[in-house]
1. Using only Cα atoms and rounding to the nearest 10 degrees, what angle (0 to 90) does helix 271-286 make with the longest principal axis of the chain?
2. Measure nothing fancy, just the Cα-based angle from helix 311-324's long axis to the longest principal axis of the chain, in degrees from 0 to 90, nearest 10.
3. Of all the accessible heavy-atom surface of segment 159-288, with the other protein chains kept in place and a 1.4 Å probe, what percent is carbon and sulfur?
4. Mind pulling the angle between the C-alpha long axis of helix 176-189 and the longest principal axis of the chain? Nearest 10 degrees, somewhere in 0 to 90.
5. Where does segment 25-181 land on Rg/Rh, using Cα atoms and the Kirkwood Rh?
6. Apply the a/c threshold of 1.5 to the C-alpha gyration tensor of segment 214-322 and tell me whether it is rounded, prolate or oblate.
7. For segment 50-158, what relative contact order do you get, as a whole percent, if you take Cα pairs closer than 8 Å and at least 6 residues apart?
8. On the full set of protein chains, 1.4 Å probe, figure out the accessible area of I131 and give it in Å² to the nearest 10.
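The values are calculated or read from the model by the stated rules, or taken from the named source; none is laboratory data. None of these values were measured; they are calculated from a predicted model. Cβ placement follows ideal geometry from the backbone for every residue including glycine, while neighbour counts extend to all protein chains displayed. The area values use the complete protein model at the heavy-atom level, side chains included, leaving out ligands, DNA and RNA. Shrake-Rupley method; radii C 1.70, N 1.55, O 1.52, S 1.80 Å.
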Amino acid sequence: MKRLTFLICMFVLAVTVNAKVKLPQFFTDGMVLQQQSQCRLWGTTECSATVEVTTSWDGKTYKAQADKEGRFVVQVQTPIAGGPYEITFEENRDKLKLHNVLIGEVWICSGQSNMEMQMKGFKGQPVEGAIGELLNCNDAQLRLFTVKRNPQLLPQTDVTGHWSEANAASVRDFSATAYFFGQSLRRTLGVPVGLISTSFGGSACEAWMTADWLKAFPQVTLPQSEDDVKRLQQRCPTALYNGQLHPLIGYAMRGAIWYQGEDNVPRYDYYAPLLAAMVKGWRSEWQQGDFPFYYCQIAPYDYSLINWSGSQYLREQQMKAEEMIPNARMAVLLDAGLQYGIHPRKKQQAGQRLALLALANTYAVKGLPDFAVYSGVEFQGDTAVVAFQRSKEWVYFEHGSSSSNFEVAGADHVFHPAEAWISRNRVYVRSQQVSQPVAVRYAFHDWVEGDLMHDGLPVSSFRTDDW
């Protein structure tokens, strides 16, 4: 009996001494690392042990000593895009080898349901063109990782998910918007692309932020207990940062794309500074400078169907955020909404327009169109003359020579439908009911079908007043 007890103790001691290196679930076979970067790799092992990390692309070995809790971090230098490669972790003769590792472009993809919405769509809510994509999506150099939903009261150290090569099975269950974004990068850049999707339908912007970042917003009530998180779930401030973003911070990447805002419609009035604070916080913690941040303006929808209203003001706040956040641009979806559904089918437009912004602004690809924006108005008697910037190709109406989406108001602040026409790069607006207009609005309602275009892209809804 004593001998048995002794053998059991020696076995436990041996297992403890030879504890295996453990890595977060995103450091696995098939992952993509950001090219030409100092990439952090981290995990846990025996406390104070030395871990040796060897990268097959250059044969270099890096050493890191674990702290008293067994946590270690090592930085490896990645080459230009390529692969597949291997990475070996060794500690006290115990080896862990990662296979089929690619080097390329990595992007974080986050938001609420319109980012989360899979290629297969939601029940009774399809994604336009999904079948054609599933028939042609095989691409071993496009890698996909989806973070499982996980609101938490406290910051976590790992997520649940796995890397997959793009094929019908993996793409069907992956974010459609993110897939179309990554597909466009692959085709244009010709390098491996890795997409990490961490989203949650119905999530609030506040849920993706820390308590410290939210101090500037006294309107926000922070959770005090696990019960608060269970009750509010994805709308609980800090909960998704803790469970779905914090574990990823430090994973070397090129930038982030974002599609969120619908949940914040009832709280639209401070969304621009809120989003700016979120991005500033992400950048501060990632320590990669002002990395690119591209986001979708929410698409039109009849919010009266859920007893809400005012999404045009949220879209306006998203326009303002573009001016407040360095190295950020907004993809307009005013022509890609769905009147009776908050989940529009046109996810290809969303993903490709985000890719346009990334390719033009981050990768300096020439010859791509840009989104024109309202820049000013002049009032000439009974006519308002609206001007635009970033509109070298001039604006135009999608369906003919006129639009019914314009309104004007006089000093009484009452808006009336107006006729609109275009001459060169100006929109002229006039209403027989307003002899002296002082304000113009375009598509400034919850549900609209945007028809003011520039170079194949929609112009955002806008207003010239601040009433």
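1. Rounded to the nearest ten degrees, it is 30.
2. Around 70 degrees separate the two axes.
3. Of all accessible area on segment 159-288, carbon and sulfur atoms account for 47 percent.
4. The helix 176-189 is inclined about 80 degrees to the chain.
5. 1.03
6. oblate
7. This gives 17 percent for segment 50-158.
8. 130 Å²
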